[in-house]
Amino acid sequence: MGDDEQDRDESLRHPDLRRLRMAPDHDDPVESVRLMRGRRELTILHAGERYRLRVTANDKLILTK
């Protein structure tokens, strides 16, 4: 299977990947308050792995696996 076919197959199983590939290449910032929605911590699933994004006491962001 070629790379294009494999990418297409992966996109069918993970519709969010298709949207990401269709997104513009430029940097479109997202405000952290929109992600966190009042929480101090959230879990992000990426490629089948769990990551934890949290706001520190010094108001910094830390991403851990």
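The table below lists the values:
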| read-out | value |
| --- | --- |
| Highest to lowest packing among 37-44, 48-55, 26-33, scored as the average C-beta count within 10 Å | 48-55, 37-44, 26-33 |
| Phi-based couplings in Hz for region 49-65 (Karplus 6.51, -1.76, 1.60; Gly and Pro marked x) | 10, 9, 10, 10, 10, 9, 9, 7, 4, 8, 6, 9, 9, 10, 10, 10, 9 |
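Here, each number is a calculation from the coordinates, and none is a lab measurement. Quick caveat: nothing in here was measured; it's all calculated off a predicted structure. So basically every Cβ, Gly included, is an ideal-geometry build from the backbone, and we count neighbours across all protein chains shown.
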